[in-house]
Every structure is written in structure tokens, then in C-alpha cells.
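The values are calculated or read from the model by the stated rules, or taken from the named source; none is laboratory data. Being a predicted model, the structure only gives us computed values, none of them experimental. Cβ placement follows ideal geometry from the backbone for every residue including glycine, while neighbour counts extend to all protein chains displayed. Only protein heavy atoms, including side chains, enter the accessible area calculation; ligands, DNA and RNA are left aside. Shrake-Rupley method; radii C 1.70, N 1.55, O 1.52, S 1.80 Å.
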Amino acid sequence: MQTYIAHYRSPSASAQRAKGVFEFESDARAGTKANGHDARMRMLELFGKDAVSWTIDKVERKKSREAVGDGQLELDFRAPKPVRKRAKKKEYW
């Protein structure tokens, strides 16, 4: 099973505003209805009846620890891109 991270939020008019993320596992591919359904069910398991009106904004795959790196920054030694000059407008007067 793949682990995913879902971002949720409560409606704007709600008295109790809620916004956050949670993790869930799903066999479905990312971006499918089945994956969204698994996210919704997990959200209801975690937060109960308060989460009925909440929406899930985004679902993304959780990266493994090896893919994230050890906190080491990467240096970019490529030459900077040349600055593009804007074309002058022609005056028709």
C-alpha cells in the first residue's frame, strides 16, 4: 500500500475553522475517485462527525525518507540565464 498525504479545510462560513493535513494508506492510484474515497473515509475515522462538511483540497504521495534527503542542500553551478530584453514598441504617429 502507498502512503498519501491529504490536505483538508472546513467551509469558510463555519464557526469552527479547521485546516490541516493527515496521512492515509490506499491501494488506488493517486488522483482517482477510489483514492479520494479512501482519504475521505480516513478523515471521518480520525475527526468523526465534525469532518462531515470538510473538503479535501489536495492529495499527494508521501515521499520516502531517502527521496527527501539528509537535509543537505544542493548547489547549482550552472551559468545564470541571460537577461531577455523587451522589444521596443513602434510608434505609428
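Quick notes on this structure:
- Whole-percent carbon and sulfur share, accessible surface of the chain, 1.4 Å: 52 percent
- Given +1 at the Cβ of Lys and Arg, -1 at the Cβ of Asp and Glu and no other charges, the dipole of the chain around its Cα centre is 1020 debye to the nearest 20.
- For region 1-63, relative contact order (Cα pairs under 8 Å, six or more residues apart, normalised by length) works out to 46 percent.
- Checking (1) 1.38; (2) 1.19; (3) 1.29 against the coordinates, the calculated Rg/Rh (Cα atoms, Kirkwood Rh) falls under label (3).
- Computed [θ] at 222 nm, deg cm²/dmol, the chain (DSSP H ≥ 4; -39,500 (n - 2.57); rounded to nearest 500): -6000 deg cm²/dmol
- Between 0 and 90°, nearest 10: helix 33-47 axis offset from the chain longest Cα axis: 60 degrees
- Listed residue (ALA18, ALA51, MET1) projecting farthest to the positive dipole end of the chain, Cβ model: ALA18
- Lysine pairs within the chain, Cα separation less than 21 Å, 8 or more sequence positions apart or different chains: 6
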